[in-house]
Amino acid sequence: MATLCRPAVSVPEYVITMEETLELARSRHPGHPQLPLALRLIENTGVCTRHIVRPIEETLKHPGFEARNKIYKAEAKARVPAVVQRALDEAELLASDIDVIIYVSCTGFMMPSLTAWLINSMEFTSDTRQIPIAQLGCAAGGAAINRAHDFCTAYPEANALIVACEFCSLCYQPTDLDVGSLLSNGLFGDGIAAAVVRGRGGEGIHLERNGSYLIPKTEEWIMYDVRATGFHFMLDKRVPTTMEPLAPALQDLAGQHGWDASDLDFYIIHAGGPRILDDLSRFLQVAPEAFRFSRATLTEYGNIASGVVLDALRRLFEEGGPHHRARGLIAGFGPGITAEMALGRWHRTSKETA
């Protein structure tokens, strides 16, 4: 059975606090008619610190889409391999043991994908499959887990490597002044995460079932407007209301498996913002404490897009993990509006369960 092993996560060295974010908003947009609302929304995110790939002085400049994409490529190549190696070590595998690399990112573009560069730069074999996913945004972390599960179901002896690389700060657009954009400037952070799904062996989550759900007619609620200046993030004010239709989708998936989504042992949820977590807690009728790992990621790193679910899972590992055979849910939400969902049981090694 496919096992999602302990993730490795890394965030850049440059840090910006909420206080600094608020002061930047005040100083750069003093006459903005909706500045008080934007400041209040940023404060309500609960994001205390975020990590960014360049110093804030450089982040606030816009040298052009071409220059920014070059930064994305250079920083990805400089930072991803160490995270990948740690994930392989956590899974007790070598690069040559990996059969497929699933690379997810929505904050820069490379063709060929970084997967090709990784195969050539590390000790992956030349017949390693490549699955780059670029357009699922924050949902891509959950999608990567699900595609790895599917692959290991089709090839039970195979191993999959998931890599999420998100430099959200490289998408900052100084001319985007709507409230949604100002809020995003105080919400998103940068981060890299990687994890292995082993077809055989390993400790972590035994993946048992996965599913997807798209809320009809919401494809323009979270989107990029791609212009000469790069990716302009569009966030509809209705996005925070999406947990009401998505909670039943989580319940349906669990019900198909004979489980109750309101009565599980652990939850790894994409932390798009505190409203998302609060509403999902209410609609699923689970205690807010159940989402503590997602809240910790949001507080310390902000929304690191596709990397959130892997970082929340890392925190569950660091807490010691639940008991053997504990039942859990993983869910990532993103453009579409799409939910990528998975169910699994916590698996400890025979030595630990003896």
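The figures follow:
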read-out: Counting DSSP beta bridges with both ends in the chain, the antiparallel % (nearest 5); value: 75 percent
read-out: For the stretch 228-319, with +1 on Lys and Arg beta carbons and -1 on Asp and Glu, the positive-most of ALA249, PHE231, VAL308 along the dipole; value: PHE231
read-out: The chain, dipole about Cα centre (Lys/Arg Cβ +1, Asp/Glu Cβ -1), debye to the nearest 20; value: 160 debye
read-out: Helix 140-154 axis, angle to the chain major axis (alpha carbon atoms, nearest 10°); value: 20 degrees
read-out: Value of [θ]222 nm, deg cm²/dmol, for the chain, DSSP H segments ≥ 4, -39500 (n - 2.57) each, nearest 500; value: -11000 deg cm²/dmol
read-out: For ILE145, ILE52, ILE42, order by how many other beta-carbon atoms lie within 10 Å, fewest first; value: ILE42, ILE52, ILE145
read-out: Inter-site label distance for VAL179 and ALA154 at 7 Å from Cα along Cβ, in nm; value: 4.5 nm
read-out: Per-residue Cβ neighbour rank within 10 angstrom, fewest leading, PHE333, PHE317, PHE233; value: PHE317, PHE233, PHE333
read-out: Cα-centred dipole magnitude for the stretch 227-334, charges only on beta-carbon of K, R (+1) and D, E (-1), debye, nearest 20; value: 320 debye
read-out: Among [x] 64, 48, 36; [y] 64, 57, 51; [z] 68, 43, 36, the entry derived from the coordinates for Cα extents along the principal axes in Å; value: [x]
read-out: Cα long-axis angle, helix 18-28 against the chain (0 to 90 degrees, to the nearest 10); value: 30 degrees
read-out: Low-density loop positions, GluC sites (Glu not before Pro), the stretch 5-64 - DSSP coil, at most 16 other Cβ in 10 Å; value: GLU13
read-out: Computed over the chain: relative contact order in percent, which uses C-alpha pairs under 8 Å that are six or more apart; value: 26 percent
read-out: Length-normalised contact order of the stretch 31-156 in % [C-alpha pairs under 8 Å, at least 6 apart]; value: 21 percent
read-out: Reachable lysines from LYS217, criterion Cα separation under 20 angstrom, eight or more residues apart if same chain; value: LYS237
read-out: For the chain, built as a Gaussian network whose Cα springs stay under 10 Å, the top-fluctuating residue of ALA228, ALA254, ALA342; value: ALA228
read-out: Cα-centred dipole magnitude for the stretch 3-198, charges only on beta-carbon of K, R (+1) and D, E (-1), debye, nearest 20; value: 340 debye
read-out: Reciprocal of mean inverse Cα separation for the stretch 133-196 (Kirkwood radius, Å); value: 13.8 Å
read-out: Charge dipole (the chain, unit charges on Cβ, about Cα centre) - positive-most of PRO7, HIS270, ASN120; value: ASN120
read-out: The stretch 204-349 - percent relative contact order, Cα under 8 Å, separation 6 or more; value: 36 percent
read-out: Top positive-direction residue, dipole computed over the stretch 5-78 with Cβ charges, set ILE52, GLN34, ALA78; value: ALA78
read-out: Radius ratio Rg over Rh of the stretch 204-349, counting only Cα atoms, Kirkwood formula for Rh; value: 0.98
read-out: On Cα atoms only, tilt of 35-44 relative to the major axis of the chain in degrees; value: 20 degrees
read-out: Set of lysines near LYS61 by C-alpha distance (under 25 Å), chain-local residues within fewer than 8 positions excluded; value: LYS70, LYS73, LYS77
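Any read-out appearing in this document is the output of simple, stated calculations on the displayed coordinates, not a laboratory observation. Keep in mind that what you see is a predicted model, and the values were worked out from it rather than measured. Virtual Cβ from ideal backbone geometry, glycine too; neighbours counted across all protein chains shown.
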